[in-house]
1. Out of the residues in segment 39-49 that are touching a Ser or Thr at 6+ places or on another chain (Cβ under 9 Å) and touching a residue at least 24 places away in the same chain (Cβ under 8 Å), state the one that is surrounded by the most Cβ atoms within 10 Å (Cβ to Cβ).
2. From the list 14, 60, 36, which residue is open to solvent by less than 100 Å² (accessible area, probe 1.4 Å), at pLDDT 90 or above and assigned to a loop (DSSP other than H, G, I, E, B)?
Amino acid sequence: MAKTVYTHEGIQKLAEIIRAARGNLSGRAFAKKVSLSPTSIDRILNGEVMEPELKTLEKLAPYLGYTRDE
């Protein structure tokens with residue numbers, strides 16, 4: 001399976017989309033809602049994750065307004 005390469009701008013855009021979807025929820029509450037750890041969400045938001053795992057993106061997608069195929 002080929003590895004997906006993400007640009008810095010793409011990761012920043014993902015973080016912006018997550019922040020918008022999170023709205024007024026705390027980081028912990030949003031993480032619970034999407035079934036991820038707060039640390040995982042924080043690492044994406046802080047740009048520490050340059051290659052998010054597919055399973056992470058699949059958990060986030062429905063809450064960000066995307067499908068698995070997008």
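1. 44
2. Values: 14 fails: assigned to a loop (DSSP other than H, G, I, E, B); 60 fails: assigned to a loop (DSSP other than H, G, I, E, B).
Residue meeting the stated conditions: 36.
The values are calculated or read from the model by the stated rules, or taken from the named source; none is laboratory data. Note that the structure is predicted; figures quoted are calculated from it, not measured. Cβ coordinates were reconstructed from backbone atoms using ideal geometry, including for glycine residues, and neighbour counts include every protein chain displayed. In case anyone asks, the SASA skips ligands and DNA or RNA and just uses the protein heavy atoms, side chains included. Shrake-Rupley method; radii C 1.70, N 1.55, O 1.52, S 1.80 Å.
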